[in-house]
Amino acid sequence: RGKALQPLFKMSYSCSKVGDPRPGHPYKGGNFCAFLPGNTEGVNIAKLLKRAFECGLTFQIKSCNGEERVTWGPIPHKTSWDGGKARNGYPDAQYLHEVGTVL
C-alpha cells in the first residue's frame, strides 16, 4: 500500500440551500473518510479532491425517511482499503485514472 493518505471530511449540522431536496431545512452531517495511495498520483488526486470539496462538489444532501442528510456526491471515493471496486475499496487498478477523469 505504501504511505496512505486519508482525507477526513467532517460535515456538521446546517441548513440546506436552493437546489437541495428541502431548501431551508436542517440536515444531518457526518464524518467521511476516503483512502488514497501515498504515491505521486495519489497526492495529485488528493489536491484535486480538495479543490472539488472547496467548490462544493464532494457531497450532496439526500432525503431519506423524512430526514435530510449529507451523503457522498457524484465523485467516486475509496472508503476502504479492501473489498474491491464493488465495495468502494481497493484493489481497483483503474480508480486513480477514473477519478482523475471525473475531477
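Treating cross-link reach as a plain straight distance, find the aspartates and glutamates whose alpha-carbon is under 19 Å from the alpha-carbon of K47, omitting any fewer than eight places away in the same chain. Cα-Cα hits under 19 Å: E98. Using the Cβ-Cβ distance between I75 and N39 with R0 = 25 Å, the FRET efficiency computed as 1/(1 + (r/R0)^6) comes to roughly 0.80. Once the chain from A93 to K62 is taken as fully extended at 0.36 nm per residue, the excess over their C-alpha distance is 8.2 nm.
How about K62: which aspartates and glutamates have a C-alpha closer than 20 Å to its C-alpha, ignoring those fewer than 8 places off in the same chain? Candidates past the 8-residue exclusion: D20, E54.
If you plug the beta carbon distance of K50 and K28 into 1/(1 + (r/R0)^6) with R0 = 35 Å, you get a FRET efficiency near 0.90.
FYI, it's all coordinate maths here, none of it is from the lab. Keep in mind it's a predicted model, so treat the numbers as computed, not measured. Positions of Cβ are backbone-derived with ideal geometry, glycine not excepted, and every protein chain shown enters the neighbour counts.
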